[in-house]
1. Exactly one of these conditions fails for Glu46: (1) outside any helix (DSSP H, G or I); (2) more than 23 Å from Ala156 (Cα to Cα); (3) without any contact (Cβ under 8 Å) to a residue 40 or more places away in the chain; (4) not β-branched (Val, Ile, Thr). Give me its number.
2. Every residue in the stretch 7-48 that is farther than 20 Å from Ala131 by Cα and of a type in the set (D, E, K, R), please.
3. Checking Asn3 against (1) buried (at least 16 other Cβ atoms within 10 Å of the Cβ); (2) at pLDDT below 90: exactly one of these is not met. Which one?
4. I'm checking my understanding of the structure. Among residues of the stretch 130-157 that are polar (S, T, N, Q) and outside any loop (DSSP other than H, G, I, E, B), which one is modelled with the highest pLDDT?
5. Please go through (1) at pLDDT 90 or above; (2) closer than 20 Å to Ser18 by Cα; (3) not charged (D, E, K, R) for Thr101 and return the number of the only condition it doesn't satisfy.
6. Residue by residue through the stretch 34-55, note down the ones that are of a type in the set (A, V, I, L, M), buried (at least 16 other Cβ atoms within 10 Å of the Cβ) and closer than 19 Å to Glu126 by Cα.
7. Do you know which of the residues in the stretch 56-70 that are closer than 20 Å to Asp158 by Cα and touching a strand residue (DSSP E or B) at 6+ places or on another chain (Cβ under 7 Å) is surrounded by the most Cβ atoms within 10 Å (Cβ to Cβ)?
Amino acid sequence: MANRLKIVLPFVISEFQSCCVAGRDIADTTASIRDIIDLIEQENFEGYLLKIDQQNAFDRVDHKYLFSVLEKFGFGDKFINWIKIFYTEIFSTVKCNGFLTKYVPLCNSIKQGCPMSAILYVLAAEPLGQALLKNNNIHGIKIPFSVKESKYFAHADDTTLTVADKNSVTEAFKIFDLYSQASGAKINREKI
């Protein structure tokens, strides 16, 4: 199922997300960020790079939000129902002092270690990336030798904002706040 899903990811996921998409690598993301830092320093212009840390990113993804995102991206009912099998009416226990607690229902969390987990997380995070890219009040940094500008780079939940001015930082945080309300995500603002 994961391999079949990877086939469509390049058509759904922004080029600025490197996780799980064939032909993309975290090294490319790191190199792009390093190039932008060099560009800002060499050209001596205003630019801001902010590393965004999301608190327990995989654990906080709301299941209803995930299903809604899959639907918006055009995944069929049959596929979404298969994903729902993994994430509907699931329970967990906690081992404390050698004893297991009672079962508690899970409404959030993408199971880490599952072949689908990173793919599902990237799909759940894509509306954040699209909102950043589509917001005309967020000014990215022009990528040399390209007509494009970058507003962010991401590898799964590791997101780096690459914006041109302070107003863009403020606008980006408004987008993060909306995304957090919808998805269950939480940014560690004290780590920024």
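1. (3)
2. Arg24, Asp25, Asp28, Arg34, Asp35, Asp38, Glu41, Glu43, Glu46, listed by residue number.
3. (1)
4. If we take residues in the stretch 130-157 being polar (S, T, N, Q) and outside any loop (DSSP other than H, G, I, E, B), then Gln130 is modelled with the highest pLDDT.
5. (2)
6. Ile52
7. Val61
Per-residue answers, yes or no, for (1) of a type in the set (A, V, I, L, M, F, W, C); (2) buried (at least 17 other Cβ atoms within 10 Å of the Cβ):
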| site | (1), (2) |
| --- | --- |
| Asn108 | no, yes |
| Lys111 | no, no |
| Leu120 | yes, yes |
| Lys134 | no, no |
| Asn137 | no, no |
| Thr160 | no, yes |
| Val169 | yes, no |
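The values are calculated or read from the model by the stated rules, or taken from the named source; none is laboratory data. Since we're looking at a predicted model, the values are computed, not measured. No Cβ is skipped: glycine too gets one built from the backbone with ideal geometry, and neighbour counts run over all protein chains shown.
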